[in-house]
Amino acid sequence: MAKYARLRTRLVGQAVVTPAELHISPTADDEILLTVHTAGYLDRLVAGRLTAAEQRLIGFLWSPQMVERSRRSVGGTLATCRAALDHGLGINLAGGTHHARFVGGAGFLVPPDSIFT
């Protein structure tokens, strides 16, 4: 997503952070994801078998890149938490957009009646 590249460019350009302080998010593996999602949902997600309704809730059409971005978003959030514990500060430039449920993912604009279904 272009907004994340623009944010990075701006923060480096304004000397808020240096390029050396930025890290590529690690990928969250299935073991981590299965602590918060059902195996059935994760299997459908990885294999590209999400229903149209599930994709609407996520806010993105399925693609291998969407799966990779999702894994890295979670991995980045976990790495940020570890950095905050170890160093007193951690920031994930691409995190905070995932509103998941145990049985599925969801994005920003989830209709209120579908949040608990």
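Observations
- Percent of C-alpha pairs per 10 Å bin, the chain, short to long: 12, 41, 31, 15, 2
- Taking label positions 7 Å along the Cα-Cβ direction at both L61 and V46, the computed distance is 2.5 nm, reported to one decimal.
- Put simply, when 52-63, 77-88 are sorted by average Cβ atoms within 10 angstrom per residue, most first, you get 52-63, 77-88.
- Normalised convex hull volume, the range 48-106, alpha-carbon set, Å³ per residue: 81 Å³
- By accessible area with a 1.4 Å probe, ligands and nucleic acids excluded, highest first: order of E21, E68: E21, E68
- Amide H contacts of G104 (H built 1.01 Å from N, under 5 Å, at least 5 apart or other chain): T38
- For the chain, the longest principal axis of the alpha carbon atoms and the long axis of helix 64-87 meet at an angle near 50°.
- By the helix-only formula, in which each DSSP H run with n ≥ 4 contributes -39500 (n - 2.57) and the sum is divided by residues, the chain has a 222 nm mean residue ellipticity of -14500 deg cm²/dmol.
The values are calculated or read from the model by the stated rules, or taken from the named source; none is laboratory data. On a predicted model such as this, the values are computed, not experimentally measured, just so you know. All Cβ positions, even for glycine, are placed from backbone atoms using ideal geometry, and neighbour counts span all protein chains on display. Please note that ligands, DNA and RNA were not included when accessible areas were found on the heavy atoms of the full protein model with its side chains. Shrake-Rupley method; radii C 1.70, N 1.55, O 1.52, S 1.80 Å.
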